[in-house]
Each structure stands twice: as C-alpha cells, then as structure tokens.
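These notes concern the structure reproduced below.
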Ligand SMILES: [Zn+2]
C-alpha cells in the first residue's frame, strides 16, 4: 500500500526571498554572482519567480542531450493532466485565459488589464485557481464586469464555449472564477469534515470518504498479497449507484496526453544510456498502457536499480499531497543530469547511513539492522512539469511504495541548481536581519545558513526518510496515522536532520567545518517553524500543509521543553518577538527525544498519540504572533513563495536527425505558459 510523502517541498532557508515591486524589471545580477546568471525573473502576489541554470549541459555527449530532450518532451506532454487533477474546471479556465491573453484587442496598459495578467500569473503558478500551497481558491482582482468585457473582445473561436453563447458561457464561468464559496478548497485536511466531499480536486466524484475507504479496503481484502499502491492512478466515480475506477492510461482517462508521453518515452528508450535505464523506461511505457499499479511497481524497481546513468527522470503519478486521503497521485516530471562534483558531499553522508541509524535516539527495536540501498546524488535539473513546477521540491526521495524501499532501496537526490538559485536569492534577503534574535545569530546564519540548508536537505532525504522500521504486523502509516501520516513522516525526517546537524560526526566526515553550522541550522529552523512561515497563511487560518505543520510541531515541542530548562525561550524586545536558543546541546537532546517518540508512533501505529502531537503542536496558530509576523513581513516586502521559469530545450536538426540540443533561458513567465498551452494542450476541457 501507499506510503507517504517523500518530497521535501520547501525548506526554511528557501523561504527567505528578496522581492521586487510588482511590474518592476528584475534586477540584473551583480558582480557578486560569479556565473553572472540572471536568477531573478518575476514578482507578483506572494510569489517570487526565479530561473535556474543547467550548468554543464553543453558538455554532455550528443546522445545524452538527445535522451534529455525526449524525456523533457515526455514530461511536458503530461502538463494538462495535473491541471485537470487539481480541479475539473482548470483546463476550461486556462483555455479562457490563454484565449484572452492571445487575442484580446483592447487596451493592455490599463490597471484592470494588469490585474487580469496578475491573475493569469497566479493561475499558471498554481496549475489552477487554488493556491499552490494553501490550496484555497483565489479570485481575480479585476471585476467580473471587466473580465466579461475581456471575453467579449477576444476571438471567440479561441474560447472553450462548447456550443454555448458567450453570455451563457460567462454565466457558467462567473461562480467558478469569482465566487469564493464555490469549490473553496482544493484539498481540505481539517478535522471532522468529509475530506472527499470538502475537497474540490478531481480525484473523486459522487463518493464519500467512507465509500472511498471501503472501496479500497475491499480491494485489499480481495487480494491481500497485492502490495501495489491501490488506486493511485485513477479517479473514483459513482455511476448509476456503482463505484468504478477510471484509470489514467492509454485508452482510459487522460489518454490523449498519455499517448504523447509514451511517444516521447519510446524515443528516449531508443537512446537510453544502458540496458537498465532502457528497461526502466520500457516498463514505464508498459504501465501507461496497462494502467496496472503493479506495473508501476515493476517500473519503480527497475528505476531504482538504474544508478549508473547520467541522465535521469521522474515521470508519472508520484505525490499524493493533492488528495486529503493521500491515495491519488499527481502527475509530475523532473528531468535531470547527475552533478558529479556535488554528489561527493551527499555520498559522504550516505556512506555513513548505518552509523547514523546505530547512533540514533530511536528505540533499538525500531532501528534497521541493515540500512539498504540509499542512493544519494546531487542532480542538475533540466526541466520540471506538473506537480514539480513552477514551485519545485529541493530534495526528492523515491519511490514512495514502502515495500520497494525496503526490498530494493530508494533514490535520494538533492536538486543542486535549484538550491543554488535559492541561495543566491537568500543572500539578498533582509529577513534574517528582521527576525534573527541577535547579532551573533544573524552573522552565523549569514555565514553558515546556506550550508546548513544543504546539509539539512541531504540528511532529511538520505538518512531521515530511510531510517527506522515499522513493527511486524503494523499497517502502513496511511492506514494507521491517516491524515496525520504526512506531517509525522516529514517531522521525523526533519528531526533526524536536526539531531545530526549538531553532531561532530558531520565535521569528522568533512561535510561541515564546525558545529557553528548546526547552530545556524537550529536558529533558522525554529525561527521559521514558530514565526516566519506564518507569513504564508491568512489571518484566522490554522496550519494545514504537512511540511508547515511538522516544522511548527518540532519547534513548538522543544519550546515547550525549554519552559523547564530554559534551553530555548520566546522573548519580546521593543514589541518584537524573538526565539532565543540559550543551550544548543540541550535543544539537540530535545529534538532527539521527539524523534524517538515519533518513530515509536510510526512503528507502533499509535494513531491517538500521533493525532495529539500534531493537533497540540502543529496546527493552531497564535493570532497575536501571526499578526506581528505579517506586519514585520509587510515592512520588508519579502515573498513567501517562489518558483521557476523553466529552461527550454531546442533541438538542432539535420533532416530528421538531431545534431545538437541547445538550452535557452526564457525570461517571460506568462509567455512560457501560453507557449506550453499551445504546444502541449492535448486534453479536452472535460475529462
Ligand atoms: Zn521529506
């Protein structure tokens, strides 16, 4: 059965982004940046858009460039799928926006039009009209009347009218776009609701949460030996009183897009670097043809075994964040090349996996006797699509299916050029000056913050998720811990990272110069977990997203411990709140204690303790502190979210042969997405 979330979506440091006034041209990079690459691209709403550089691509042999190009195309062909998965009206909205952007004949310099463009930016950024992180619906700032005028003054043949008159079409679109209470949450994790009914994603129709749970429990009962991720690649629908799965496959749901994916994968298979890689790609093609979850497992096993290839790709239905029940997986693609130099750092950590397991604070019976198959590397991202873009993970640990992880291991990667782009942006952020608790802390974070983040990601992905085991006879965590599984798993992986980043072992193996790095890591983590991440949510809201919950849970838990031993405390100076760590070694001990407890909860499937932990420390927001954080943020104008414009791969042809693949770095966020829509819009508006 399905396991949890292995993507580390965003890390503390990565949230520290310098920002620009909307409409202002992005800054050119200064001489401080050795590569002189222009990282900063666009700024709107709560978003900073960056670019990333694919260093070393030109030097790849032609065959590898060709392979990367085919995999890149295969990914883009699935872009529509993720839009549709998130909300059944997303493709309808997107085609409308594209039609207006391309054919509207009126004034494009007015305030209203800029507001419309801003809505388009936000829509493309979120792959739909629900916030990419908070999952709640956002509304255009231009009025509905203005929007109606845009529609009427655009080329009607470019709009998805489906035989309707323009007026009827607008009538249908008004609540979809403008009524905040219609399809309010893409995914609703709040306690006490029917999570299926309350979420407007397109994974279920006419079914209740209970019916979904029963459907898959029955399926499991009918075939207990089946260890595949039941239902991860389908929509569950009740038709004429009967519940059926509509699988995402060739000949099934999303077939027009999947056929194109397969077309490019077949080309990729023909130029694979080696037999293992070819076998993996062929198995992925096989899965897209059969739609059988067991075939996806076969593919994952083959994919994990391919460790020698320079070019690699994630392609498929991978993460389950968009489904409150954590069963249905969103489409994504990440194409990459191995960064040979940087891989040495992560390899040094991975080679000590058994040492970390043996010296962990978790109970002996929860330790793995042999930690197997951790493959760690740093990758240079070439292109991302779907659930991985424009907002991107910075670390990936796949596959998600626990039995494959246990039997065959997993691949753990850090997205090196993405992290480099963040580090560049962070180096210009005024955030630490505002929230850092003192001069020493601020200077240490400036000096070691970037390295602390890199190591945190490495430890979280390579050691954290791979550590520990579930007791015999205990079900996987999506069964035992349910909606709390994601938060607890991410919390556990973070705690492994936090515990070891203050360990001399990391100095000894040569990945950091001193424990000062660990101290910088603690200050950043806790500052974010208790304060700065609150900038991402609206006044009155509690925390919903798993990573945000886990960071607050871990931080608030040690703060609570600090009440007795004063190792850490909250202080107010001149009306401003700061978190002060007085004793880093003691705080480390507390992280270790919490790690032990969360591992116990996971290993024993202690759902009540898991729920209590998350609800007590990870969900509720102090409204006064929240208000203060928002005010301090507003003063320094820092964007809480960021994402990327993707590089563009262009083949140079001689006849039908590729002679070279070039990379271009587009600068216009909207233009990129309009182009994508034209080139890769394979799905009908209703699926
Ligand atoms: Zn993680």
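The values are calculated or read from the model by the stated rules, or taken from the named source; none is laboratory data. Just so you know, these numbers come straight off a predicted model, no measurement behind them. Note: ideal-geometry Cβ built from the backbone for every residue, glycine included; neighbour counts use all protein chains shown.
Just give me the residues in region 156-165 being in a loop (DSSP other than H, G, I, E, B) and in contact with a helix residue (DSSP H, G or I) (Cβ under 6 Å, 6 or more places away or on another chain), in sequence order. Once the filter is applied, which keeps residues that are in a loop (DSSP other than H, G, I, E, B) and in contact with a helix residue (DSSP H, G or I) (Cβ under 6 Å, 6 or more places away or on another chain), region 156-165 yields 159, 160, 161. Before we move on, is residue 462 within 16 Å of the ligand (Cβ to nearest atom) and touching a residue at least 40 places away in the same chain (Cβ under 8 Å)? When the stated conditions are applied, residue 462 passes them.
Elements of the type strands (runs of 3 or more DSSP E) sitting completely within region 603-675 and holding at least 2 residues that are more than 29 Å from residue 43 (Cβ to Cβ): these cover 648-654, 657-664.
Of the residues making up region 486-511, those that are touching a residue at least 60 places away in the same chain (Cβ under 8 Å) and within 12 Å of the ligand (Cβ to nearest atom) number 11. Restricting region 465-479 to residues that are buried (at least 19 other Cβ atoms within 10 Å of the Cβ) and in a helix (DSSP H, G or I) leaves a set whose member that is nearest to the ligand (Cβ to nearest atom) is 477. Counting residues in region 311-325 that are over 22 Å from the mean Cα position of the chain (by Cα), outside the structural domain of residue 202 (by TED's automatic domain parsing) and in contact (Cβ under 8 Å) with a residue 24 or more places away in the chain gives zero.
On the stretch given as region 380-420, residues that are away from the ligand (no atom under 16 Å from the Cβ) and either outside any helix (DSSP H, G or I) or touching a strand residue (DSSP E or B) at 6+ places or on another chain (Cβ under 7 Å) (or both) total 12.
When you scan region 166-269 for helices (runs of 4 or more DSSP H) that lie fully inside it, which ones turn up with 2 or more residues that are in contact (Cβ under 8 Å) with a residue 12 or more places away in the chain and more than 30 Å from residue 618 (Cα to Cα)?
166-178, 209-222
Restricted to helices (runs of 4 or more DSSP H) entirely inside region 496-581, no element has at least 1 residues that are modelled with pLDDT of 95 or more and not assigned by TED's automatic domain parsing to the domain that holds residue 432. When 432, 362 are checked against the criterion of being out of contact with any strand residue (DSSP E or B) (no Cβ under 8 Å at 6 or more places or on another chain) and part of a helix (DSSP H, G or I), a single residue qualifies: 432.
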